[in-house]
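The structure appears below as structure tokens.
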Amino acid sequence: MHAGRAKKAAGAAALALGSSVFSHADAVDVALMALGLVGAVGDGMATPLRLLIASRIANDLGSGPDHLDQFTSRINANVIKIVFIACAAWVMAFLEGYCWARTAERQASRMRARYLQAVLRQDVEYFDLRAGSTSEVVTSVSNDSLVVQDALAEKVPSFVMYVSTFAGSYVVGFALLWRLTLVTLPSALLLIFPGVAYGRALTDLARRIRDQYARPGAVAEQAVSSVRTVYSFVAERATMARFSAALEESARLGLRQGLAKGVAVGSNGIAFAIYAFNIWYGSRLVMYHGYPGGTVFVVSSLIVIGGVSLGSALSNVKYFSEATAAAERTLEMIRRVPKIDSESAAGEELANVAGEVEFKHVDFCYPSRPGSPVLANFSLRVPAGHTVALVGQSGSGKSTAIALLERFYDPSAGEVALDGVDIRRLRLKWLRAQMGLVSQEPAMFAMSVRENILFGKEDATGEEVIAAAKAANAHSFISQLPQGYETQVGERGAQMSGGQKQRIAIARAILRSPKILLLDEATSALDTESESIVQEALDVASKGRTTIVVAHRLSTIRNADSIAVMQSGAVHELGSHSELIAKNGMYSSLVRLQQTRDSSEGGGICRASPSAGQCSSNTSKMLSSASRSDWTLSKGDARDGDGTEKPKAPVPSLGRMLLLNAPEWKHALVGSLSAILSGGIQPIYAYGMGSTFSIYYSKDHEEIKGKTRLYALIFLALVVISFLLNIGQHYSFSAMGEYLTMRIRERMLGKILTFEIGWFDQDDNSSGVICSQLAKDANIVRSLVGDRIALVVQTVSMVFIAFTVGLVISWRLALVMIAMQPFIIACSYARRVFLKSMSVKSIQAQAETSKIAADAVSNLRTITAFSSQDRILRLFARAQDGPYRESIRQSWFTGFGLGTSVSLTIFSWALNYWYCGMLMAERLITVEAAFQTTMILVTTGRVIADACSMTTDIAKGADAVSSVFAILDRQTKIDPDNPKGHKPEKITGDVEIIDVDFAYPSRLDVTIFKGFSLSIVAGKSTALVGQSGSGKSTIIGLIERFYDPLKGVVNIDGRDIRAYNLQALRRHIGLVSQEPTLFAGTIKENIMLEAEAASEAEVEDAARSANAHDFISTLKDGYDTWCGDRGVQLSGGQKQRIAIARAILKNPAVLLLDEATSALDGASEKAVQEALERVMVGRTSVVVAHRLSTVQSCDTIAVLERGVVVEKGTHASLMANGRSGAYFGLVSLQQGGKQH
């Protein structure tokens, strides 16, 4: 009755904890789980059944050969029954191992895919409201699914196995000796309580630890993905301080977890107290009821085995609670139906779309800033087939209008209509299929150029892709890339220049042949020549289509059918270019503003001959891609050329790992002593058990009473000692683990932030991979030190004590039993080795899937706009193929390994009983010695087998350790903080590039500079102009020393840049790049990135100089406004101005502006341009620009073509060269662009 209740309680525990874990099972999984369940139950029943037979053997041995006629034959008959049980156990354990391992991978991979599908289904608002969403998704895809997989593959079957051992033990107990079983039944509850209480406490802690873990992860993800910004602002220290602060809290929670664990494991000592009661009560049953001693002994063991099994079953509850927390997190996302649901099939589809778009009295504010309206009573009608341009200041709501039309958001009032139908009534995927979007920061996926273009239309043929690329003026540069259309673009398109990415994005939109074309600053990143060609391509593409263009460069929209001038979220003026000019209102003042600049407004510098232009653009692109690949190579040679780079020696590295723990030597001492002493408890207990057996066969009642009392007291003492030792052991080791993890994560990130940019350019160092390594490897190391090492110390101590005692008592029997141990251990060991080789492969495959997930989330808007969710999921499924095949092999190994080790254990018992019978028949051993030796060595064998099952974790741990040291031991090629380097107090800013050869490390075959020289005069401004890909941005990379030249030198103030302490030098260099990087934090924190000591007044002054103060003060929280993950809450122009304020606050001697104003609208650009010109006075400034109007006032203009300076001089002197001059050609190209 009690047994039934306890069994129900255990079942309820499993169910309450596990229902969400099984939510991804299909019919095959249900069948596998059913078979696995049968196997686990069978495996669990093997022990009680063996003990049922053993009770007969024990009674025979107790009576001895002197009192039994057929002593040997009776024992042999029972031994054969045990051999049969062993064979059946093999089949059961095989089913248990194989079926659960198999279904675990199936369900986990389905869970990963569904989770990603759910993430891709969410609306843009969901991610706006969550900081750190990218890192959260990556952790969920990799960690959460692994936790669930581990629970299904290992924890569920062992839970079922233990529960069935518990139930079987009590059933057999009642059958053999109901009195003893009934009296001791309540004791089982004593073994349950600690487990349940512990499970509860842990669930709560596990949740909190998990939430806490995401924080440092988000800090690291941002730093690694924007490493150029971190380096140029010397923000490594600030980043590390934020990272360490986030880690502190995790460590505190981890210590509490260790304490809880010590208390729970220590409470298991109650088993000794139960046994003390059993022998006392058992002795009364033998003396007064005449029960045979062997039966009493076996039933006493059964009761403890049953109770301990229940305790072990419940210890898995901790893993269920972790797995449930993980499964619930993913289910919460899977069940979340977004307000704007891209998967929804509801809504109508219009039979034929004319393409008329109308905004009617629309009000809107971003969900993350409900207090700041972006559009107010915005109305605009775009007739079908017409082109309407939206112009206006940065932040006036232009891009927001496009986001509403794509239905990334819904307006808070008013409606957006397509052909007169409110778009909320249309089916979402169908609606988005009618539109092609090209946005300002083109989203690229880490795959080939062809695959990136195919996002427009998945089933497009090769010819269609090429036609789209030709239309976007991308074909010529793509065909010159090393692998043509199959060239990888790198993470976020890092291998491509801005103009190249933009043209690929335009090709993607053209391939779609949409009814409505949305161009959000589509040409802002292009140089003049590409722009004029792309502009023509866009003009052709927009014929017959409704087109909405957001543009800052007014020259690109003159021939739009109508132009809407926006201010404060409403249309201020509307009409064609000529009508608005005639009005002489806001538009004409914007045009006048740009007019001065417009003379050069085109973009890059290139010859008037298109072919030359294009080819140079290719080179430049290749250059930049080369720079990325530079990364890859450096990684490559790290591996081959220089053996020290990748230490593959997990064994020595474990010792090194522990050396990192040196400051915790007191914890180590207490923990190890406790573990060594804990190791002695089991042998003492086993010795006591063996001794009590022979007492039952004594004829002297007084002797029975005296000895029983003595052993009962010894057992009670063990309860207290065991409790204290466990707390000491678990708390100390978990403190070591926590502090070590914290130290490792800090050191790893600290080390990663010293690596040269080339390292980050390599594919396998994408931010997703690095972050998952920071989280996972450090976590594995924590459990290695926190749990595994304690276990190893304890096991070694126990084995030593047990073997010694066993050999002293009866060497013959001990030798046979010790000889059996290696077989049992070998099975567990073989299983571990297979698992280890599997774990490596599955972790690699996981990294691939993490990368896809990270990519998908960072480019969510593009995926949403192109409805490419299914395509991403197919890529994801393809990446999971490898782990899937691997897991099939793994399941077979698991089944064989488990079956063999379980059956061998039972065989060893059979051998043991048979040999005891032999020795006793020949009078070579007493029954007391036989049972003492048996109990001691068998219980030890069980512990060793348990320890070996832990070795799977140690195997994973060793890999993690070596991957940690691979990072910690890697020597950076460009040391940012060389103590011997010169640390200048101030620099004048004389820059000379002398005879430099350069190729990006990741593409050494593409030369960017050969013998290139350029001198930049201190205190003067030098502009670099030229086609996209001519090497302009590369010069900035060399001055910042992101890369070192292959040959030649870069001098600053006459000193080789390599002789400086790089961080000290970078403090004097300010960089503003084309795609500004903001970190999740407030605006103020972003401006103060490096200058942590700056006062509020200085921050505001910098913002004023960058023309950012006005827009910041209109935000509800002012400077404390949250920027969102990567600054998503701000418009491009706003981000750019914050980035400029950041550079101004630094007050640098050398200012590098890489296309710093290309993302701004006319008014902001004029103001920022003035601000920059003020800031440039008296500083060495290097300006890379496509818009020539912005560089006319520079002291020197250098025209680059294919990595060579073809002309150099002032604007006037270069224009004086007339038609033969490269600069003249560029300017006239841009002016043509302006006038047409």
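The values are calculated or read from the model by the stated rules, or taken from the named source; none is laboratory data. This structure is a prediction, so every number in the text was calculated from the model and none was measured. We place every Cβ from the backbone using ideal geometry, glycine too, and count neighbours over all the protein chains shown.
Quick notes on this structure:
- Answer residue from segment 722-755, given it is under 10 Å from His667 (Cβ atoms) and either polar (S, T, N, Q) or outside any helix (DSSP H, G or I) (or both) and is modelled with the highest pLDDT among those: Ser732
- The set of residues in segment 45-61 that are within 14 Å of Ser300 (Cβ to Cβ) and of a type in the set (A, V, I, L, M, F, W, C) comprises Leu51, Ala54, Ala58.
- Among helices (runs of 4 or more DSSP H) entirely within segment 232-350, having at least 3 residues that are under 30 Å from Val124 (Cβ atoms) singles out 236-267, 317-335.
- Segment 235-260 residues that are within 27 Å of Gly1070 (Cβ to Cβ) and free of Cβ contacts under 8 Å to residues at least 60 places away in the same chain, paired with ones that are surrounded by 21 or more Cβ atoms within 10 Å (Cβ to Cβ) and not polar (S, T, N, Q) (beta carbon under 6 Å, 6 or more apart): Arg242/Val219
- Exclusive hit being at pLDDT below 85, closer than 28 Å to Asn1147 by Cβ, surrounded by fewer than 22 Cβ atoms within 10 Å (Cβ to Cβ) and hydroxyl-bearing (Ser, Thr, Tyr), set Ser1193, Ser1158, Ser1189: Ser1193
- Among (1) over 37 Å from the mean Cα position of the chain (by Cα); (2) free of Cβ contacts under 8 Å to residues at least 60 places away in the same chain - the single one Lys1135 does not satisfy: (1)
- Candidate set: segment 540-591, residues that are at positive phi and among the polar types (S, T, N, Q); chosen: the one surrounded by the fewest Cβ atoms within 10 Å (Cβ to Cβ): Asn584
- Here Ala443, Ala509 are screened, and the one residue that is in contact (Cβ under 8 Å) with a residue 60 or more places away in the chain, closer than 24 Å to Leu873 by Cα and part of a helix (DSSP H, G or I) is Ala509.
- Set side by side, the residues Ile954, Ile987, Ile993, Ile967 differ, and just one is modelled with pLDDT of 90 or more and farther than 30 Å from Gln70 by Cβ, which is Ile993.
- Criterion violated by Val156 - all others in (1) at pLDDT below 85; (2) surrounded by 23 or more Cβ atoms within 10 Å (Cβ to Cβ) satisfied: (1)
- A count restricted to segment 375-416 and to residues that are more than 23 Å from Thr864 (Cα to Cα), of a type in the set (Ser, Thr, Tyr) and buried (at least 24 other Cβ atoms within 10 Å of the Cβ) stands at 2.
- Filtering segment 1161-1186 to residues that are surrounded by fewer than 24 Cβ atoms within 10 Å (Cβ to Cβ) and more than 26 Å from Ser589 (Cβ to Cβ) leaves Val1177, Gly1178, Arg1179.
- Strands (runs of 3 or more DSSP E) contained in segment 1144-1236 and holding at least 2 residues closer than 30 Å to Ala1064 by Cα: 1150-1154, 1180-1184, 1196-1201
- Of all residues in segment 449-490, those satisfying the criterion of being part of a helix (DSSP H, G or I) and acidic (Asp, Glu) are Glu451, Glu463, Glu464, Glu486.
- Any hit, segment 1182-1189, residues being out of contact with any Lys or Arg (no Cβ under 8 Å at 6 or more places or on another chain), free of Cβ contacts under 8 Å to residues at least 60 places away in the same chain and not basic (Lys, Arg): no
- Scanning segment 688-725 for residues that are touching a residue at least 12 places away in the same chain (Cβ under 8 Å) and of a type in the set (Ser, Thr, Tyr), we see that the one that is nearest to Ile936 (Cα to Cα) is Ser691.
- Subset of segment 378-425 [outside any loop (DSSP other than H, G, I, E, B), over 20 Å from Leu590 (Cβ atoms) and under 34 Å from the mean Cα position of the chain (by Cα)]: Ala403, Leu404, Leu405
- Considering Leu51, Leu35, the condition of being surrounded by fewer than 20 Cβ atoms within 10 Å (Cβ to Cβ) and part of a helix (DSSP H, G or I) is satisfied by Leu35 alone.
Conditions (1) of a type outside the set (Lys, Arg); (2) crowded, with 18+ Cβ neighbours inside 10 Å, marked per residue:
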{"site": "Pro1001", "(1), (2)": "yes, yes"}
{"site": "Val1006", "(1), (2)": "yes, yes"}
{"site": "Gly1011", "(1), (2)": "yes, no"}
{"site": "Lys1020", "(1), (2)": "no, no"}
{"site": "Val1025", "(1), (2)": "yes, yes"}
{"site": "Ser1028", "(1), (2)": "yes, yes"}
{"site": "Phe1042", "(1), (2)": "yes, yes"}
